[in-house]
């Protein structure tokens, strides 16, 4: 087996997840993991850039600053685990998504965090720039997790769906006797709006266990208005991000009526739970495995279970780190020049070898 490092910094902008995996053609085993902090200053600068409050100079600086952050995160893991750099085959680096627009006039998906810097400073080959080849082939460029979910969970006997709840949420439906191909797409917002509202009113990064949401009540008129957004009725393949579900979107939904902050938070949690459960119920599944940061929100998990009473809902093993493991595995696939099974997920015209190698 070969050792690979995976790095994931998602749309939640809460931290950088770093994993060490041992990988071969049949398995991907998590050996070590680390959650490395992302400073409030850098998070703020990234959000300002996403909102258009920035310059080309700042763009270049953030690309460099993120690369230094990713390098520090790798170094912290290697030091803590006493790992020799020479034993690592490669780093799989997703980068920080700044903008994702696969259906525009000129489709693209943009991630920052210069892999050249990470490679030079870490002394390890880096595989990065995974999404743009898929977009060039006519695909959404996201989500990528379904390909890894297929590799990781295909041996399960039950009919399974995997739901990753990060800043955005995505679903994977494994191929079986009913569905003859791998299905995966973004269901909509995951934690991003709840985190945004929490920061605005409570000054905190997230609502631990959904306790603040639990103190409010669902505003069903507001929920209906949110659920009427075209994204939720759009057919897959589809993907989304902060360019869609952001402060402007939420403020537009709230316009014209006074809401208590607690009720808005409760309604946002219900929006995430309902938009996920609605999609799961389209498929005949026995088991749903949850992963991602949202799987730690006990109230959100409770509501998802209540909205799908006839389906078993469980937390996947290594739930916090499956996304980072995805990019360690994608690095393995690139190093071995193997195509990734994503065309049915993203709508690309073909499967392809993804990512560039920087060494």
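Here are a few things to note about the model shown:
- Checking 77, 38 one by one, the residue that is in contact (Cβ under 8 Å) with a residue 24 or more places away in the chain, buried (at least 18 other Cβ atoms within 10 Å of the Cβ) and either closer than 20 Å to residue 318 by Cβ or touching a helix residue (DSSP H, G or I) at 6+ places or on another chain (Cβ under 6 Å) (or both) is 77 and no other.
- Criterion violated by residue 138 - all others in (1) surrounded by 17 or more Cβ atoms within 10 Å (Cβ to Cβ); (2) in a loop (DSSP other than H, G, I, E, B); (3) on the phi > 0 side of the Ramachandran plot satisfied: (1)
- Among all positions in the range 46-58, there is at least one residue which is surrounded by fewer than 19 Cβ atoms within 10 Å (Cβ to Cβ), within 17 Å of the chain's Cα centre (by Cα) and more than 29 Å from residue 340 (Cβ to Cβ).
- Residues (free of Cβ contacts under 8 Å to residues at least 40 places away in the same chain and farther than 15 Å from residue 278 by Cβ) located in the range 221-234: 221, 225
- Of the listed requirements (1) modelled with pLDDT of 95 or more; (2) farther than 19 Å from residue 340 by Cα, residue 132 misses just one: (2).
- Selection status of residue 128, within 23 Å of residue 332 (Cα to Cα) and either without any contact (Cβ under 8 Å) to a residue 40 or more places away in the chain or not assigned by TED's automatic domain parsing to the domain that holds residue 21 (or both): no
- Selection of helices (runs of 4 or more DSSP H) fully inside the range 162-247 by the criterion of at least 2 residues being buried (at least 24 other Cβ atoms within 10 Å of the Cβ) returns 192-202.
- Test: residue 354 is touching a helix residue (DSSP H, G or I) at 6+ places or on another chain (Cβ under 9 Å), in a strand (DSSP E or B) and either touching a residue at least 40 places away in the same chain (Cβ under 8 Å) or within 30 Å of residue 198 (Cβ to Cβ) (or both): no
- If you go through the range 306-326 and pick out every residue that is crowded, with 17+ Cβ neighbours inside 10 Å and free of Cβ contacts under 8 Å to residues at least 40 places away in the same chain, you end up with 5.
- Of all residues in the range 260-278, none are at pLDDT below 95, over 30 Å from residue 119 (Cβ atoms) and either assigned by TED's automatic domain parsing to the domain that holds residue 203 or touching a strand residue (DSSP E or B) at 6+ places or on another chain (Cβ under 9 Å) (or both).
- Criterion: outside any helix (DSSP H, G or I), within 20 Å of residue 356 (Cα to Cα) and assigned by TED's automatic domain parsing to the domain that holds residue 124 - qualifying residue of 103, 96: 96
- Among the conditions (1) surrounded by 14 or more Cβ atoms within 10 Å (Cβ to Cβ); (2) over 21 Å from the mean Cα position of the chain (by Cα), residue 92 misses just one, which is (2).
The values are calculated or read from the model by the stated rules, or taken from the named source; none is laboratory data. Remember, predicted model here, so these are calculated numbers, not experimental data. Cβ coordinates were reconstructed from backbone atoms using ideal geometry, including for glycine residues, and neighbour counts include every protein chain displayed.
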